[in-house]
Amino acid sequence: MKKLTTIIFSLLLSGLAAQSVLAADTADQLPKLHMKITNTLKGQQFALCLSATCYVLSEKQKEIALADNTVSSVVMTNMNNMQMYTQVLPDSCKVNLKNNQTLTVTGKLVGKEQSVFLNDMKCSVTTNA
């Protein structure tokens, strides 16, 4: 009985290990987001919300996995006071992404306390090698 339990446990562990390797490989293929956004509003931290997921803007922006393949809305969120600012989604950003694609969002964060938006917001999609 002990030997059977050991075999079953070993098979479960090897299955979990295979799933984690597969998950890591799949994560590399997921659509990604690259933000090239200039924040002119010093001293305030903002997040770019695409559809239902928000991504914090940082000085050292890098590619991150997108939580949703379809971009249907854009909202800027002030992380200091959680104020949300909606804006019209440009046609270039209305995309359905596939695996191995990167959405690059560019623009300049401008405005005042009651109205913040991405000026000249543009999106482009590239296919990763």
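Numerical summary
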| read-out | value |
| --- | --- |
| Segment LYS62-VAL88, extension gain: residue separation times 0.36 nm, minus the distance between their alpha carbons | 6.9 nm |
| Exposure proxy ranking, count of Cβ atoms within 10 Å, fewest first, for LEU103, LEU89 | LEU89, LEU103 |
| Lysine pairs in the stretch 31-127 with Cα atoms under 18 Å, if 8 or more residues apart or on separate chains | 18 |
| Full-extension gain in nm, ASN128 to THR53, via 0.36 nm per residue minus C-alpha separation | 24.8 nm |
| Sorted by Cβ neighbour density within 10 Å, fewest at the top, the residues ILE37, ILE64 | ILE64, ILE37 |
| Residue-span extension gain [HIS34 to SER115] - 0.36 nm each, minus C-alpha spacing | 26.7 nm |
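Throughout, read-outs are computed from the coordinates displayed, never taken from laboratory work. As the structure is a computational prediction, the values presented were derived from the model and not from experiment. Methodologically, a virtual Cβ is constructed for each residue, glycine included, from the backbone with ideal geometry; neighbour enumeration extends over all protein chains shown.
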